[in-house]
Amino acid sequence: MSSARLVVNNLQKDFILHTQNSAHIPVFNGFSLSVNAGECAVLLGPSGMGKSTFLKCLYGNYKITSGSISLYFEEGDIDIATCSPEWIHGLRRQTIGYVSQFLRVIPRVAAIDLVSEPLLIQGIDKDTAYQQAATLLARLHIPEKLWALSPTTFSGGEQQRINIARGFIADYPVLLLDEPTASLDAKNRAVVVELIHEAKAKGAAIVGIFHDEDVRDKVADNVIDLLEFVA
Amino acid sequence: MKMPVVETQPLLTVNNVQKLYAINRGCQDVNFSLYPGEVLGIVGESGSGKSTLLNCLSGQAAPNSGDIIYHTRAGEDLNIYDINEAKRRLLMRSEFGIVKQHPRDGLRMRVSAGANIGERLMAVGDRHYGHIRDVASNWLEQVEIDAERVDHLPSEFSGGMQQRLQIARVLATHPRLVLMDEPTGGLDVSVQAKILDLIRTLVADLNLSVIMVTHDLAVARLLCHRLIVMQKSRVVESGLTDQILDDPQHAYTQLLVSSVLTP
Ligand SMILES: Nc1ncnc2c1ncn2[C@@H]1O[C@H](COP(=O)(O)OP(=O)(O)O)[C@@H](O)[C@H]1O
Ligand SMILES: Nc1ncnc2c1ncn2[C@@H]1O[C@H](COP(=O)(O)OP(=O)(O)O)[C@@H](O)[C@H]1O
Ligand SMILES: [Mg+2]
Ligand SMILES: [Mg+2]
């Protein structure tokens, strides 16, 4: 398992804020990274350095100023920097899982529906999807009485675990994890570490941000300091 | 790893469409493709040309120039303004669904709820009364209107119920492309929420392709996969909904996004 799945080459991201006197905010520049199947690369750097911005570029959520992000498939490669919205959409459905730092809840949608959604979108039947969602929610210690409720009113840690369940349910070959353990207790942190190990064993290429040194040591194959690439 | 399977045949292709009422009033230089199962939002301030564009797309107003090409169920590519009026009407009836902002513009107010749905079914060839009535009742339930009200007039319904009835009427004939202009525009926020939930669920369950005009970025965030941003008759930015809202590139989009509290 040493084939590169994800190769970032010379990535640059700037923000230009037109409504604020066209303020120019360079975030990073010349950032390169390669992640193999079954590997977890961990990004380091103080707050505000651009770690989340980097993951958002990988997910197609933020536009890329220059450089490329290549995904290598059996059929060929795709550059996220230049791919059309339909393709980003397809990649999000089948290829890239993302656990964002904060859960963006759709109001009025039950936790179990949110968690099973990625499987339903892949065309998996409802019973199977619900069963897998239930298993994952139980593993992450979300009490069953919350499953049918919208996470809008959940605690920060509970919301984060819903987000984690959504990211891990579909066995994505590429996984982006933005501080998934930040507001979890030791018991749930251990579950996340287990989930990461299982994903790696299935060949996932993972890019993660972890504040917790202990978690980082347990999952990282490669540690990259973003500070070197600050623009 | 395996490449995702992505639809490559657009359902609708829009090339250089222009319809202007005056300089920069209307729409111009519009280009995009809509793929099956996609929900495309057209956003922008009032007067930016959203409705003008939607009316061109829905066969209601011929553009001054440009092409709108629709890929039919039968696999034909039709330029919707190159075909004759009768054929266009048939196409609209059998493959398009148009949801108006004001339910009274999309419903027949003098016939019952059931007849509003039944009429559309008959228009596409259903002639069996018992079947039509069953389908109508079924649709009423899908949009959460008590089937016992099948014989009531729409005027006896609240605004939110009327809008749900209009949605049932439109979807009953299984359109492949649904066009909506501010479908929750005039409604109270709580009523709006119920309709948005309904649209979200139906779109996913029926795998509908939708083009929706809205000036509400929260609605766009909730329902749309992809957005087109219009300003003064032109498309200034387009892309994935979350990219447009979280990392807008154009000055006008940045202004729009920064003007709302939680888009
Ligand atoms: N959508 C955005 N628009 C403008 N600036 C942004 C946006 N997102 C992030 N930034 C800026 O980019 C920098 C990096 O932020 P972020 O990626 O969140 O850092 P980290 O995750 O390392 O704490 C910050 O200065 C932040 O203000
Ligand atoms: N039938 C018409 N006759 C003349 N001007 C029109 C007509 N329809 C729209 N316009 C003008 O075109 C511009 C765009 O209108 P419209 O498409 O309704 O915008 P939106 O839906 O974005 O609010 C406006 O300036 C409007 O006054
Ligand atoms: Mg961050
Ligand atoms: Mg309008």
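The values are calculated or read from the model by the stated rules, or taken from the named source; none is laboratory data. Keep in mind the model is a prediction, meaning the values are calculated, not measured. Ideal geometry is used to build each Cβ from the backbone, glycine not excepted, and the neighbour counts take in all protein chains shown. Just so you know, the surface numbers come from the protein's heavy atoms only, side chains and all, with ligands and any DNA or RNA stripped out. Shrake-Rupley method; radii C 1.70, N 1.55, O 1.52, S 1.80 Å.
What to note about this one:
- By DSSP, the beta bridges lying fully in the protein assembly as shown are antiparallel in about 55 percent of cases.
- With Cα atoms, 0 to 90° folded angle of helix A:186-201 axis to chain A main axis: 70 degrees
- Considering only beta bridges that DSSP places wholly inside chain A, some 55 percent are antiparallel.
- C-alpha long axis of helix A:111-121 to longest principal axis of chain A, angle in °: 60 degrees
- Summed buried accessible area for B+A [probe radius 1.4 Å, Å², rounded to 100]: 2800 Å²
- Residues along the stretch A:15-48 losing 40 Å² or more of accessible surface when the other protein chains are present rather than the chain by itself (probe 1.4 Å): A:HIS18, A:THR19
- Mean-position separation - Cα centroids, the stretch B:45-113 and the stretch A:1-31, in angstrom: 42 Å
- Ligands, DNA and RNA are left out, and with a 1.4 angstrom probe the accessible area of the stretch B:186-239 is 39 Å² per residue.
- The tail of the calculated P(r) for the stretch B:1-90 beyond 20 Å holds 40 percent of all Cα-Cα pairs.
- Relative contact order of the stretch B:132-263: 16 percent, from C-alpha pairs under 8 Å at least 6 residues apart in sequence.
- Lysines whose Cα lies under 17 Å from that of B:LYS50, excluding same-chain neighbours fewer than 8 positions away: B:LYS19, B:LYS100, B:LYS232
- The accessible-area loss of the stretch B:1-26 on complex formation, taken against its chain alone with a 1.4 Å probe, reaches 50 Å² or more at B:MET1, B:LYS2, B:MET3, B:PRO4, B:VAL6.
- Principal axis dimensions, largest first and in whole angstrom, of chain A by Cα: 47, 43, 37
- Qualifying aspartates and glutamates (Cα of each under 19 Å from Cα of A:LYS13; at least 8 residues distant if same chain): A:ASP79, A:ASP178, A:ASP225, A:GLU228, B:GLU237, B:ASP242, B:ASP246, B:ASP247
- Element breakdown for chain B at a 1.4 angstrom probe: carbon and sulfur atoms account for 48% of the accessible area.
- 14 Å cut-off, amide nitrogen to a point 7 angstrom out along B:LYS87 Cα→Cβ, residues in the stretch B:3-39: none
- Translational diffusion of the stretch A:167-212, estimated by Stokes-Einstein from the Kirkwood radius over alpha carbon pairs at 25 °C in a medium of 0.890 mPa s, is 226 µm² per second.
- The residues of chain A present an accessible area of 43 Å² per residue when probed at 1.4 Å with all protein chains retained.
- Whole-number accessible area per residue in Å² for the stretch B:7-136, which is evaluated in the context of all protein chains at 1.4 Å: 49 Å²
- Reachable aspartates and glutamates from A:LYS126, criterion Cα separation under 16 angstrom, eight or more residues apart if same chain: A:ASP113, A:GLU117, B:ASP205
- Annotation note: trypsin sites (Lys or Arg not before Pro) in the stretch B:87-124 located in DSSP loop regions with a Cβ neighbour count of at most 15 within 10 Å are B:ARG108, B:ARG110.
- The stretch B:33-131: C-alpha gyration tensor shape, a/c 1.5 cut-off, then a/b vs b/c: oblate
- Sum of side-chain charges, B:LEU121 neighbourhood, beta-carbon under 13 Å (Lys, Arg +1; Asp, Glu -1): +2
- In the stretch A:157-229, the portion of solvent-accessible area held by carbon and sulfur atoms comes to 43 percent [1.4 Å probe, whole percent, DNA, RNA and ligands not counted].
- Overall dimensions of chain B by Cα: Rg and Dmax, Å: 18.6, 58
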